[in-house]
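Taking it in order: structure first as structure tokens, then the write-up.
The values are calculated or read from the model by the stated rules, or taken from the named source; none is laboratory data. This structure is a prediction, so every number in the text was calculated from the model and none was measured. As a convention, Cβ positions derive from the backbone with ideal geometry for all residues, glycine included, and neighbour counts pool all protein chains shown.
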Amino acid sequence: METLQQILENLDANAPMTLEEIIQAEVSAWERSDERKQMLIGKRYYRIKNDILEQRRKTIDAEGRMVAADNLADNRIPHGFVRKLVDQKIGYLLSKPFLPKTKKLEYQSELDLFFNDDFKMLFKNTGKDAVNCGKAWLHPYYTDTGELTFMRMNPEECLPIWKDAAHTELAAFIRVYEIEGYVAKKKQTVKRIEWWDLDGVQI
């Protein structure tokens, strides 16, 4: 993975854009991409929010305009086929408990503590992300007490920058997400963009 300094050196030599401008361009293209749209559709269908719920029956009013027909029966019925199929696939692939083993007996108790029921549930939910969105991400990090743990990240927030065409090694990583915060004494939703590389995380 290239460091931020190496990327900046390459930018100086080959591109008139700054790193911030390239990040903005990549994020803008990602938010409009078909891949991200399909991720959102997959997650929406898993929550049984089918496209039919967005459709409204319309009629022609006395002036010849198309208007919503609020007085007609609402026969829109969402189906849970996608949720059922995803759950079946995850059940087939990940329901059997995995048992981490090591030849060093002194490490076995540590592994058993780490790969507990919470981690297995996290792993299963990450599998659902992989089926619904085509990709899934787990972020390893250390807590304030020095414990290694993982955070599941929303696939539609994650933009990998691959070093190779086979997508086996990352050059950098961009995370785009929204948080609620106070701006000038008003609660607002703020978009945050994080750039991850070997030098750390920049916001």
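Determine, yes or no, whether Gln6 is within 27 Å of the chain's Cα centre (by Cα), surrounded by 12 or more Cβ atoms within 10 Å (Cβ to Cβ) and either modelled with pLDDT of 90 or more or within 25 Å of Val176 (Cα to Cα) (or both). Criteria not met by Gln6. Residues in region 15-58 that are part of a helix (DSSP H, G or I), more than 16 Å from Val176 (Cβ to Cβ) and modelled with pLDDT under 85: Asp51, Ile52, Leu53, Glu54. When the criteria are applied in full, Glu63 fails the requirement of being touching a strand residue (DSSP E or B) at 6+ places or on another chain (Cβ under 6 Å), modelled with pLDDT under 80 and either among the acidic types (Asp, Glu) or part of a helix (DSSP H, G or I) (or both). Summed over region 153-166, residues that are touching a strand residue (DSSP E or B) at 6+ places or on another chain (Cβ under 6 Å) and in a strand (DSSP E or B) total 5. Checking each residue in region 59-108 for being surrounded by 13 or more Cβ atoms within 10 Å (Cβ to Cβ) and of a type in the set (Asp, Glu) picks out only Asp87. Checking region 122-142 against the condition returns a match, with at least one residue being surrounded by 15 or more Cβ atoms within 10 Å (Cβ to Cβ), touching a Ser or Thr at 6+ places or on another chain (Cβ under 6 Å), in a loop (DSSP other than H, G, I, E, B) and without any contact (Cβ under 8 Å) to a residue 24 or more places away in the chain.
Each residue in region 154-203 was checked for being surrounded by 11 or more Cβ atoms within 10 Å (Cβ to Cβ), under 18 Å from the mean Cα position of the chain (by Cα) and among the basic types (Lys, Arg), and 2 of them qualify.
For region 83-107, the set of residues classified as touching a helix residue (DSSP H, G or I) at 6+ places or on another chain (Cβ under 7 Å) and modelled with pLDDT of 90 or more consists of Arg83, Val86, Lys89, Ile90, listed by residue number.
Under 15 Å from Lys43 (Cα atoms), in a loop (DSSP other than H, G, I, E, B) and either at pLDDT below 90 or small (Gly, Ala, Ser) (or both): is that true of Pro78 in this structure? So Pro78 passes the test.
Quick one: would you say Thr149 is in a strand (DSSP E or B) and within 30 Å of Arg36 (Cα to Cα)? So Thr149 passes the test.
The number of residues in region 149-203 being free of Cβ contacts under 8 Å to residues at least 12 places away in the same chain and in contact with a Leu (Cβ under 7 Å, 6 or more places away or on another chain) comes to 1.
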